[in-house]
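For reference, the structure is listed below as structure tokens.
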Amino acid sequence: MMQDQIGYIRPESLVNGKVKDVGAAVAKLQQQGAKRILLDLRNCAEGDPKNGVELANLFIDKGLIGYLQGQRSPRQNFQADASKTITKLPVQVVTNRGTAGAAEVAAGALLDSKRGALVGERTYGAASLRKAVTMEDGGAIILSVAKYYSPNGGKAIQDVGVTPQTLLPEPASQVELDEDGNPVTPEVDTTPKSDTNAEYLKRVIGTWKN
């Protein structure tokens, strides 16, 4: 719990099981009297995009969360299930260039549905359904066969990322890339301890309109 009864949650990844942990954290913060939720998705780059749909559903109780579509894949809509929504508290989401995949799907859904305010940097752009194609020599290549879109459609998240309403660059890049140019989730504790990060979060909260 932060000052002004703001509940702060920062998942390091959205691999299977993590969304359930986020839900438990939200419930605990509500019990403690939280009046707003600050969901920090910076450098959150692991997890199946469908887990992003699950995360968004914790906050969105109706409407389209997003959809999946490819040239040879029919459109698949992901609708919110009210029975899986656990809070109606105001939400603010923080993103950066290391926000990818599942976290982007959730961020885009919260932004487009006007359920949450988005602040920070444009996300990486990596939300797709991938399929391994076996080659004649026994090797394989992995191809994106369909892409995830935010509720309002337009261009795929993988092509343009998700751009916050309020752009607020971090003091310094906190994103590491692997040899393929994909964001790497930090192995260190990502809770806000440094003065620099604490100051950045104050600036984030300062953009939050009541």
Angle, helix 18-31 long axis vs. longest principal axis of the chain, Cα atoms, 0 to 90°, nearest 10?
20
Cα atoms only: what Rg and Dmax, in Å, come out for the range 1-81?
14.6, 50
Amide hydrogen neighbours beyond the local backbone of GLU46, cut-off 5 Å, H modeled:
LEU14
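If you place +1 on the Cβ of every Lys and Arg, -1 on the Cβ of every Asp and Glu, and leave all else neutral, what size is the dipole of the chain about its Cα centre, to the nearest 20 Debye? The partial results should precede the final answer.
Details: 25 positive and 24 negative charges, 234 e Å.
Here the size comes out at about 1120 debye.
If you count the DSSP beta bridges with both ends in the chain, what percent of them are antiparallel, to the nearest 5?
Details: 18 of 33 bridges.
Antiparallel bridges make up about 55 percent of those DSSP assigns within the chain.
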Might you report the magnitude of the Cβ-based charge dipole of the range 49-132 about its Cα centre, with Lys and Arg at +1 and Asp and Glu at -1, to the nearest 20 debye?
240
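At most 12 other C-beta atoms within 10 Å and a DSSP loop state: those are the exposed trypsin sites (Lys or Arg not before Pro) I care about. Give me the longest piece of the chain that has none. Don't jump to the answer; show the numbers that get you there.
On the way: sites that count: LYS35, LYS62, ARG72, LYS88, LYS114, LYS155, LYS193, LYS209.
Excluding the exposed sites themselves, the longest stretch runs over 115-154.
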The base-10 log of I(q)/I(0) that the Debye equation returns for the range 7-53 at q = 0.13, 0.15, 0.25 Å⁻¹, one scatterer per C-alpha, is -0.29, -0.38, -0.91
Taking a cut-off of 19 Å between Cα atoms, list the lysines near LYS209, but don't count ones fewer than 8 places away on the same chain.
LYS35, LYS88, LYS114
Can you give me the relative contact order of the chain as a percent, contacts being Cα pairs under 8 Å and 6 or more apart?
20
Over the range 52-109: Kirkwood hydrodynamic radius from C-alpha pairwise inverse distances, Å
12.3
Checking ALA27, ALA127, ALA156 against a Gaussian network model of the chain (alpha-carbon springs below 10 Å), the top fluctuating residue turns out to be ALA27
Positive-end residue, the chain charge dipole about Cα centroid, Cβ charges, pick of LEU110, VAL145, LEU168
LEU110
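Using Cβ contacts closer than 10 Å as the measure, can you line up SER128, SER13 from fewest to most? Walk me through the numbers on the way to the answer.
Values: SER128 20, SER13 17.
Arranged by neighbour count, lowest to highest, SER128, SER13 become SER13, SER128.
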Signed unit charges on C-beta, dipole axis of the range 3-206, positive-most listed residue ALA126, ASN43, GLN31
GLN31
Exposure proxy check on MET135, MET2: fewest-to-most Cβ neighbours within 10 Å is MET135, MET2
Across the chain, where is the longest run that never hits GluC sites (Glu not before Pro) in a DSSP loop with at most 14 other C-beta atoms within 10 Å?
1-135
If you add up the charges near GLU54, with Lys and Arg at +1 and Asp and Glu at -1, over every other residue whose beta carbon is less than 12 angstrom from its beta carbon, what do you get?
+1
Roughly how tilted is helix 195-206, in degrees to the nearest 10 and between 0 and 90, from the longest Cα axis of the chain?
80
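Could you tell me which of the pairs LYS84/LYS131; LYS28/LYS50; LYS18/LYS50; LYS20/LYS84; LYS50/LYS155 are separated by over 21 angstrom between their Cα atoms in the structure shown? Intermediate results must be reported in sequence, preceding the final value.
Values: LYS84/LYS131 29 Å; LYS28/LYS50 24 Å; LYS18/LYS50 12 Å; LYS20/LYS84 11 Å; LYS50/LYS155 18 Å.
Violating the 21 Å limit, Cα to Cα: LYS84/LYS131; LYS28/LYS50.
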Any idea what Rg and Dmax come out to for the range 3-206 if you just take the C-alpha atoms, in Å?
16.9, 61
Which residue fluctuates the most in the chain, going by a Gaussian network model with Cα springs under 10 Å, if the choices are VAL119, VAL26, VAL133?
VAL133
Angle check, please: helix 102-112 long axis (alpha carbons) against the longest principal axis of the chain (alpha carbons), in degrees 0 to 90, nearest 10.
60
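Values in this text are rule-based calculations from the coordinates and carry no lab data. Bear in mind the structure is a predicted one, so any value in this text is a computation, not a measurement. As a convention, Cβ positions derive from the backbone with ideal geometry for all residues, glycine included, and neighbour counts pool all protein chains shown.
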